[in-house]
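This report concerns only the one structure given below.
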Amino acid sequence: PYGSLAQLLRPGYTKFSATWGEIRDDAISEAPILMEGTIQHGLTNDVTLYGGVQITAPTYYAAAMAGLAVNTPLGALGLDLTQSYAFCVDFAHTCGAAGHSIRANLGKLVAGTGTYFSLVGYRYSSPGFYSLSDALHLREYLLGNTEQVPLRLRDRFDVNITQTLGPRWGNLFLTGSYGRRWEDNGRTLSFQAGYTNSLGPARYNISIGRVQNA
């Protein structure tokens, strides 16, 4: 009856996950242990709560996220906040950077036309916010193991439109993304348009795209 987001669950349902392992990345000289947990719980047909945590050991990084997804007349709306602590000697007192990131996304299915809009995928991050990947790669730079400084997005805006043409005629899609970076105030812009369909057991995709990275 409505365009759902990945965060939305039916009332009474709970999904959770727990992860423990070593980060595998050839660019990381000292691979830390990662511990991660997530949980989602459907309160009603219209409201779902969700959250998660990430911690590495030794204590280079920690992050916690909390949010909710709601079903509205405009579509399914998700809002969440992530707080990160990077380059930590200990979590209580000594962390080199701390910041937050706010994310909002909206999905809407127009049943009469077969059109699905993922109208907004928007994220704003404060200067001190680091994702796990950003923190690990910047640590390598600070240790002198690489000359490449990782560039972090300050904000990002995504659009996705999919149009169903019918059971036999496949789908048209259009996606776009725009972002600005903290380190050099550079901008990134990308978009792609295409067509997907099935031919017997095979599925094919024809698309054209462009990326501009200032």
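The values are calculated or read from the model by the stated rules, or taken from the named source; none is laboratory data. Treat the numbers as computed from the prediction; the structure is a model and nothing was measured. Every residue, glycine as well, gets a Cβ built from its backbone with ideal geometry; the counts of neighbours run over all protein chains shown. Heavy atoms of the whole protein, side chains included, go into the accessibility calculation; ligands, DNA and RNA do not. Shrake-Rupley method; radii C 1.70, N 1.55, O 1.52, S 1.80 Å.
A few points about this structure:
- Residues of the range 18-34 classified as part of a strand (DSSP E or B) and closer than 20 Å to residue 97 by Cβ, total: 1
- Candidates 191, 157, 173, filtered to the one that is at pLDDT 90 or above and closer than 28 Å to residue 36 by Cα: 157
- All positions within the range 71-104 that are within 22 Å of the chain's Cα centre (by Cα), of a type in the set (Val, Ile, Thr) and more than 19 Å from residue 38 (Cβ to Cβ): 72
- The set of residues in the range 124-171 being within 21 Å of residue 214 (Cα to Cα) and open to solvent by 70 Å² or more (accessible area, probe 1.4 Å) consists of 124, 127, 147, 148, 151, 156, 157.
- Within the range 94-111, the residues that satisfy the criterion of being surrounded by fewer than 14 Cβ atoms within 10 Å (Cβ to Cβ) and of a type outside the set (S, T, N, Q) are 110, 111.
- Of all residue pairs spaced 6 or more apart or on separate chains, none has beta-carbon atoms under 6 Å together with a first member in the range 66-87 that is outside any strand (DSSP E or B) and a second member that is open to solvent by 50 Å² or more (accessible area, probe 1.4 Å).
- Subset of the range 60-93 (residues that are surrounded by fewer than 19 Cβ atoms within 10 Å (Cβ to Cβ) and under 26 Å from residue 154 (Cβ atoms)): 64, 65, 66, 68, 79, 81, 83, 87, 91
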